[in-house]
Amino acid sequence: MNWQPTDLKNEIVCLVPLKETDFEELYAVASDPLIWEQHPNKNRYQRTVFLNFFKGAIESKGAFIIRDTKTKEAIGSSRFCNYKELANQIEIGYTFFARKCWGKLYNKAVKELMINYALRFTNSVHFFVGAENYRSQKAMEKLGALKIKEVIMPYYGEPDRLNFEYEIKKTSTG
């Protein structure tokens, strides 16, 4: 299964498989401390902390740099990860956007592309949102995801944190 397809795009966003050479461009977006203020790791704007995050993204082989379709500018990142073949499910996570994209259609456009792609190959998509990340919790609800449990999540090279797990299941018509 290819969790880094090259054809995920629409009129708003284009998801491009993340490469090591994208670090500086993506860090320029991620270096804004306000992006991370509700996130379990509030220091991810720091270069060394973000470098660890980026390394995990590359190793996941499911990460994308998100570009604005019209300007081609980097505006964030997201990834497919933790595919569970026996459960026939995949996780979408580690998503962040430049603040200028907040409250607009960018998150919905990215998540719909990723969810629709994932549900072609799995029965469900899971999301883990930090317990204090109210913005992302609202975004999950707007997408129709259901909160199914609270879990302590390990983060790549970072302390474990309380998260809420959300799920979107394939429907009989999907």
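Please treat every number below as a calculation from the coordinates, not as lab data. Model, not experiment: these values are computed from the prediction. Cβ coordinates were reconstructed from backbone atoms using ideal geometry, including for glycine residues, and neighbour counts include every protein chain displayed.
For segment 1-46, which positions are buried (at least 17 other Cβ atoms within 10 Å of the Cβ) and over 25 Å from L105 (Cβ atoms)? Correct list: F23, P40, N41.
Based on what the data block shows, is T69 out of contact with any Leu (no Cβ under 9 Å at 6 or more places or on another chain), within 28 Å of K169 (Cβ to Cβ) and among the hydroxyl-bearing types (S, T, Y)? For T69, the condition - out of contact with any Leu (no Cβ under 9 Å at 6 or more places or on another chain), within 28 Å of K169 (Cβ to Cβ) and among the hydroxyl-bearing types (S, T, Y) - is not met. Once segment 110-145 is narrowed to residues that are buried (at least 16 other Cβ atoms within 10 Å of the Cβ), polar (S, T, N, Q) and in a helix (DSSP H, G or I), the residue that is nearest to the chain's Cα centre (by Cα) is S136.
Might you check whether a residue that is in contact (Cβ under 8 Å) with a residue 60 or more places away in the chain, outside any loop (DSSP other than H, G, I, E, B), of a type outside the set (G, A, S) and out of contact with any Leu (no Cβ under 9 Å at 6 or more places or on another chain) occurs anywhere in segment 7-29? So far as segment 7-29 goes, yes, one or more of its residues are in contact (Cβ under 8 Å) with a residue 60 or more places away in the chain, outside any loop (DSSP other than H, G, I, E, B), of a type outside the set (G, A, S) and out of contact with any Leu (no Cβ under 9 Å at 6 or more places or on another chain).
Residue under question is I148, and the condition is that it be among the β-branched types (V, I, T), in a strand (DSSP E or B) and touching a helix residue (DSSP H, G or I) at 6+ places or on another chain (Cβ under 9 Å); does it hold?
Considered against the rule, which asks whether it is among the β-branched types (V, I, T), in a strand (DSSP E or B) and touching a helix residue (DSSP H, G or I) at 6+ places or on another chain (Cβ under 9 Å), I148 comes out as no.
Only one of the numbered conditions (1) within 21 Å of L8 (Cβ to Cβ); (2) free of Cβ contacts under 8 Å to residues at least 60 places away in the same chain; (3) among the polar types (S, T, N, Q) is violated by Q137, and that is (1). A count restricted to segment 48-92 and to residues that are assigned to a strand (DSSP E or B), surrounded by fewer than 20 Cβ atoms within 10 Å (Cβ to Cβ) and at positive phi stands at 1. Of the numbered criteria (1) assigned to a loop (DSSP other than H, G, I, E, B); (2) among the hydroxyl-bearing types (S, T, Y); (3) closer than 14 Å to E91 by Cα, the one Y166 fails is (1). Those residues that are buried (at least 19 other Cβ atoms within 10 Å of the Cβ) and either in contact (Cβ under 8 Å) with a residue 40 or more places away in the chain or assigned to a strand (DSSP E or B) (or both), I need them from segment 94-108; list them, please. Listed by number, the residues that qualify are Y94, T95, F96, F97, Y106.
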